[in-house]
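A short worksheet on the structure shown next.
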Amino acid sequence: NKLIKWNGPKSEVYSPILTENSKGELDKTLLGTIPTLGEKEAISALDAASKAYNKGQGEWPTMKVADRIKCMEVFVEKMKAQREEVVKYLIWEICKNTASAEKEFDRTIDYINDTIEDYKQMDRDSARFEKNSGIHAHIRRGPLGVVLCLGPYNYPLNETFCLLIPALIMGNTTVFKPAKHGVLLISPLLKAFKESFPPGVVNVLYGRGRAVASPIMKDGRVDVLALIGHSSSANALQDLHPKANRLRLVLGLEAKNPAIVLPDADLDLAVSECIAGTLSYNGQRCTALKIVYVHENIAAEFNKRYTEAVDKLKYGNPWEEGVSLTPLPEPGKVDYIQDLIQDAKDKGATVINNRGGEVMGNFIFPAVLFPVNKDMKVYEEEQFGPVVPIRTFSNIDEPLDDIAESNYGQQVSLFGKEVKTLAPLIDTLVNLVCRVNLNSSCQRGPDVYPFTGRKDSAVSTLSVHDALRSFSIRTFVASKDN
Ligand code: G3H
C-alpha cells in the first residue's frame, strides 16, 4: 500500500493505434512508462501481503465484516472519480471502442457493488444457527490467505477485478499483476487502493509475468492462484509452486464456443447474434463464438447473409462513431491470424467475404472461412481474433460429437425453433458445456450468472455469488446443548 517512488528501469507503453510522428509518418503512439520490476520487488510485495495476512491473524482477515465493507465502499467511490481516465486508457491501450470501454468500467463498478450486497447477504445468512443432533453450529466463511491475481488484456479492468474484489472482501490479501496490455489503466487507481485498504492488503506489481509472478509462485507463500488467461500460463505458474497440488485455483481459461444453426432457425436472428458473438471486440473474448456449424440445407443462405453483415461492419480507430472493428493490441497477432487463414486456404477453405484477411498496420479485416475441416488449425485453435470458421452438418450428431471431443467446454449457442428438437438437444449440451444460449450469442453476463467451463476452459466459478465462495472456505463454531 505504499506508493513506491521508483528510480529503477522503466518500460515504455505504446498504443497499437498508429498516429503521425514529428516527420509526418505513421508511427506507434507512446502512452506512458511503467516501472520494470523484478524478483526483488516481487518478493517484497509478497512479504507485504503475507505480513498483512499474518497467517489469518492480521488486521484485514480479522476485521469486522461491516468494516471491510466500508473499505470497499470507500474504494468504489474513489474509483468512480477515475472513470474518464481509465476509459481513455481502455481505448488507447487495448482499442476498445468508446461504448465498450465505458461499459467495461461501469460493469466493473456494478460488479463491486453487487459483490458488496452479496457479501452482506452471506453475512446475514451466517448469523443463522443450525442445530443437528444437539449440536448448534454458527456457520461462516473465512479467507484462504494470500492470493496472486493475474487478469487478461481483453478485459484488463473488469476481469482482473472479478478476481481481486471477491478475494479482498473475503479477507484475503493480494498481489496483483496488471495485464500486459491495459497496464496503464491501473495507475489512476493506485491512490484509491492506498487510501481505501490497510497496508499490505493490495499490492500491485508491474513487470513481465516471468520476472514477477514466477518468483512469487516459487516462494510457496501463495495460497490461491487466480488467473484469467491462457492455460499455458496457469500451468507454468502452478508447477512452480512447491505445494502445487494443494494450491487453490480460480481459473478462467480458453474456450472454442460453437454456434449450431438448425434448419428451422430464424436466419436473420442467427446472423445478427453470430455477428455479435464472433466479431465483437474483433473476436478477442473468451466467450466469443469461435466456430459456426450450419445445417447443409441453409448454409448457402446463412453464408450470404452473414458475409453481407460482416462487410457492413465499420472499421477504424476506436473512438470513431459506430466503429466495431479496431486494431489488435497483441504484437504478432495479425501474423498469427494470417497464418490461420493461409493454412485453411491451403487445406481447401475459401475466404467468402470481401477484403477478408486484408491487413493495414495492426488491423486485419475479418476473414470468414468456408468450408472448414478438422485438419485446419482454425478448427482446433482458439483464434481469439477476427477469423470465423464455418462448418456444415447434415446430422446433429456431427457437431455434438465435435463438442464432446473438444478440449474445451464453456458455452454453446443454439439456433432453432422446434421445441421437440431443441429440448433433447439442450439436455445433451448442458452436459458438454456450462451454458447453452438459446437463439442468442455466447456471453459472460449478466455477471450474477455462473461464469465457468468444463474441461480445459475453467477451474472454479466466477459469478458475483460464486466468486465469494471460490475465494473462501466454510468454517463454523459448534456448541453442544447444555
Ligand atoms: O474474455 C472473456 C470474457 O469474460 C468475455 O466476457 O462475454 O462479457 O464479453 P463478455
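Brief remarks on what is shown
- Most simply put, the chain has about 45% antiparallel DSSP beta bridges, counting only bridges with both residues inside it.
- Length gained when the stretch Lys218-Arg246 is fully extended (0.36 nm per residue, less Cα-Cα span): 8.7 nm
- Footprinting exposure proxy for Glu84, Glu41, Glu358 (fewest neighbouring C-beta atoms within 10 Å first): Glu84, Glu358, Glu41
- The fraction of Cα-Cα pairs per 20 angstrom bin, counted from 0 for the chain, comes to 23, 52, 23, 2, 0 percent, rounded to whole percents.
- Helix-only CD estimate at 222 nm, as mean residue ellipticity for the chain, using -39500 (n - 2.57) per DSSP H run (n ≥ 4): -12000 deg cm²/dmol
- Once the Cβ-Cβ distance of Asp266 and Gln121 is raised to the sixth power relative to R0 = 41 Å, the FRET efficiency obtained is 0.60.
- Efficiency of FRET from Cβ geometry, Asn373 and Thr475, R₀ 60 Å, rounded to 0.05: 0.65
- Segment 60-134 - Debye-derived log10 I(q)/I(0), Cα point model, q = 0.13, 0.20, 0.28 Å⁻¹: -0.55, -0.89, -1.22
- Put a dot 7 Å past the Cα of Asp27, heading toward its Cβ, do the same for Glu381, and the two dots end up 3.2 nm apart.
- Take 206-215, 123-132, 424-433, 221-230 and order them by the average number of nearby Cβ atoms within 10 Å per residue, most first; the result is 221-230, 206-215, 424-433, 123-132.
- A convex hull fitted around the alpha carbon atoms of segment 351-482 yields 191 Å³ per residue.
- R0 of 41 Å, Cβ-Cβ distance Lys304-Asp106: FRET efficiency to nearest 0.05: 0.65
- Cα convex hull volume per residue for segment 107-208 (Å³): 120
- For segment 1-82, the relative contact order is 19 percent, taking Cα pairs closer than 8 Å that sit 6 or more residues apart in sequence and dividing their mean separation by the residue count.
- Net charge contributed by nearby residues that have their C-beta within less than 10 Å of Thr33 (K/R +1, D/E -1): 0
- From the alpha carbon centroid of segment 407-435 to that of segment 120-145 is 37 Å.
- Over segment 194-245, the reciprocal of the mean inverse Cα-Cα separation, the Kirkwood hydrodynamic radius, stands at 12.2 Å.
- Over segment 436-482, the alpha carbon radius of gyration divided by the compact-protein estimate 2.2 N^0.38 Å works out to 1.75.
- Rounded if a/c under 1.5, otherwise prolate or oblate - segment 150-230, Cα gyration tensor axes: rounded
- Descending Cα extents along the principal axes, segment 1-152, whole Å: 82, 39, 24
- Arranged from fewest to most other beta-carbon atoms within 10 Å of their beta carbon, Lys88, Lys10 become Lys10, Lys88.
- Note on Ile135 and Met63: the extension gain reaches 23.2 nm, defined as 0.36 nm multiplied by sequence separation minus the Cα-Cα distance.
- Cα-based helix-to-principal-axis angle, 209-219 vs the chain, degrees rounded to 10: 40
- Crossing angle, helix 98-126 versus the chain [Cα axis fit, 0-90 degrees, rounded to tens]: 40
- When its C-alpha radius of gyration is set against 2.2 N^0.38 Å (N residues), segment 249-389 gives a value of 1.01.
- Exposure proxy for Lys218, Lys55: other Cβ atoms within 10 Å of each Cβ, ordered fewest to most, give Lys55, Lys218.
Read-outs throughout are calculated quantities, based only on the coordinates presented, and are distinct from any laboratory measurement. Predicted model only: the values in this text are computed from it and were never measured. Positions of Cβ are backbone-derived with ideal geometry, glycine not excepted, and every protein chain shown enters the neighbour counts.
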